Amino acid sequence: MDDDTTRYSIGELARLTGLTVKTIRFWSDTGVVPPTDRTPAGYRLYGPDALARLGLVRTLRELGVGLSAVQRVLGREVSVAQIAAVHADALDRQIRTLRLHRAVLRAVAVRGSTPEELETMHKLAQLSELERRRLIDDFIDNAFEGVDVGPDFLAMLRDAMPMLPDDPTPGQVDAWIELAGLVQDDGFRAAMRRAAADQVRARDEAGELDPHAGWQLAELVRVRTAAAREAGTEPGSPAARPVVDELTRAYAELAGRADGPAFRAWLLERLEIGDESGYERYWQLVSAINGWPEPAMGPGVKWLIAALRAYDA
């Protein structure tokens, strides 16, 4: 049994611990495991506590804890629990970064990206949550500045912030890369601003609309156009006319106007401006990033636009 008088050479410690002589000498030089004594020839000797210290140092180093932190633990400046908590937080950040790298590389592999695209994707994926929020907030502030869309609309946009998860799929990374590019595009911002201003004008012309009735109409459009598309009904065909008539009457009733050629021309212009704005694509990307169901209005609105164009022609 070891006692206070027991002394070990570096070679003996290496044999007992399985560490290399070089490693033990390095840790000794840094003061992590200092020698207790020396032989007359100047060789280092270590006391029995060196075995326990070496075991602890090896464990902490294998967990990635730096030597300076190890010294603080051995010097009783901090506890193992404190060091473990700090290091676990650091590992969480590293793991998140590695997951992002993995998702970016998989997305690049699928897309066959160029070196320039790879660099852009990497930079955008590396943005912090705060930086991503600022990017979206800047888009909202810029695109709708001076347009009286109402506080509820802006609050809805800010509440639906895209939140890239810690372990994103390649599809979520792809969606974030596209969204980040979209909200920084001056053309997209201008289109969104034009659509918002147009909606404000339409609201002023029709008066304040009942939000619940608006949601009901949106659902009606989704259901009726989905059924028409599933049945293979072409927008300009005679079979499409009853669907178009029903939907335009519903739009006219909500707007407090009479259905007819003038109203349908007005409605077509409103739908076209909204469709061209990219608003639907924005929500598709946000939904993909956040893991929400994909918005289903886009195909229905496009079908109705095509039908109104066909009848107008």
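The values are calculated or read from the model by the stated rules, or taken from the named source; none is laboratory data. Just so we're clear, the structure is a prediction, and the values are computed from it rather than from any experiment. Because the Cβ atoms are built from the backbone with ideal geometry, glycine has one as well, and the counts that use them run over all protein chains shown. In case anyone asks, the SASA skips ligands and DNA or RNA and just uses the protein heavy atoms, side chains included. Shrake-Rupley method; radii C 1.70, N 1.55, O 1.52, S 1.80 Å.
Which of the residues spanning segment 94-125 are more than 16 Å from ALA175 (Cβ to Cβ) and not in a helix (DSSP H, G or I)?
GLY112, THR114 - these are the residues of segment 94-125 that are more than 16 Å from ALA175 (Cβ to Cβ) and not in a helix (DSSP H, G or I).
Within segment 1-45, take every residue that is in contact (Cβ under 8 Å) with a residue 12 or more places away in the chain, open to solvent by 30 Å² or more (accessible area, probe 1.4 Å) and of a type in the set (Gly, Ala, Ser) and give me the one that is nearest to SER68 (Cα to Cα).
Per the stated criteria, the residue is GLY31.
Within the set of pairs 6+ apart or on separate chains, which have a first residue in segment 171-197 that is modelled with pLDDT of 90 or more, a second that is crowded, with 21+ Cβ neighbours inside 10 Å and not in a helix (DSSP H, G or I), and C-beta atoms under 7 Å apart?
Note: pairs meeting the criteria are LEU179/PRO162; ALA191/SER277; MET192/SER277; ARG194/SER277; ALA195/SER277.
In segment 126-159, which residues are more than 22 Å from LEU100 (Cβ to Cβ) and assigned to a loop (DSSP other than H, G, I, E, B)?
Of everything in segment 126-159, those that are more than 22 Å from LEU100 (Cβ to Cβ) and assigned to a loop (DSSP other than H, G, I, E, B) turn out to be PHE144, GLU145, GLY146, VAL147, ASP148, VAL149, GLY150.
What is the residue count in segment 16-52 for residues that are touching a strand residue (DSSP E or B) at 6+ places or on another chain (Cβ under 9 Å), among the basic types (Lys, Arg) and part of a helix (DSSP H, G or I)?
1
Please determine whether any residue of segment 148-156 is at pLDDT below 85 and either surrounded by 18 or more Cβ atoms within 10 Å (Cβ to Cβ) or within 22 Å of GLY278 (Cβ to Cβ) (or both).
Yes - at least one qualifying residue is present in segment 148-156.
Please go through segment 286-308 and pick out each residue that is within 20 Å of LEU217 (Cα to Cα), of a type outside the set (Val, Ile, Thr) and touching a residue at least 24 places away in the same chain (Cβ under 8 Å).
ALA296, MET297, PRO299, GLY300, LYS302, TRP303, LEU304, ALA306, ALA307, LEU308
Can you list residue pairs whose Cβ atoms sit under 6 Å apart, with the first residue in segment 257-270 being in contact (Cβ under 8 Å) with a residue 24 or more places away in the chain and the second being surrounded by fewer than 18 Cβ atoms within 10 Å (Cβ to Cβ) and not hydroxyl-bearing (Ser, Thr, Tyr)? Count only pairs 6 or more apart in sequence or on different chains.
Final answer for the pair search is ARG257/PHE263; ARG270/ALA202.
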